[in-house]
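Just so you know, all these numbers are worked out from the coordinates, no wet-lab data involved. All values reported here derive from a predicted model rather than from experimental measurement. Here the Cβ positions follow ideal geometry from the backbone for every residue, glycine too, while neighbour counts run over all protein chains shown.
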Amino acid sequence: MKTFTMIIEKDKKGNYIGNLVELPGCNTTAEDIEELRNNMKSAICVYVSMVEDYKEKELEFIGLERINIPIRELEKNRKNQDS
């Protein structure tokens, strides 16, 4: 058995989006978590069968961290890039 780490997000419409840490680009969506799990299992199988250079990454998932940046700082950086 192989274990994968799925990052789950929810969009504004209430749909769930799953992305795998170990398989970049392997993602799916669903209306509920159970459907998301099932869809992701299928997506993993398709991904592994279609990606020619698939190699298991030996990564250990540590966690997620939220980083807060003041809106003013983001806007300032955007204006500097436009100049």
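List of remarks:
- Neighbour counting of Cβ atoms within 10 Å sorts the residues T29, T3, fewest neighbours leading, into T3, T29.
- Comparing E65, E73, E35 in a Gaussian network model of the chain where C-alpha atoms under 10 Å apart are linked, the largest mean-square fluctuation is found at E73.
- Taking a Cβ cut-off of under 11 Å around K10, the surrounding Lys, Arg, Asp and Glu residues balance to a net charge of -2, with basic ones at +1 and acidic ones at -1.
- Options L20, L64, M6, ranked by Cα towards positive dipole end of the chain, top entry (Cβ charges): L64
- Formal net charge of residues neighbouring L36 (Cβ-Cβ distance under 15 Å; K, R +1; D, E -1): -2
- Residue-wise HN-Hα coupling along the stretch 14-28, computed from phi with Karplus coefficients 6.51, -1.76, 1.60 (Hz; x: Gly, Pro): x, 7, 9, 10, x, 10, 9, 5, 7, 10, x, x, 8, 8, 7
- q = 0.12 Å⁻¹: log10 I(q)/I(0) that the Debye formula gives for the chain, counting C-alpha atoms only: -0.53
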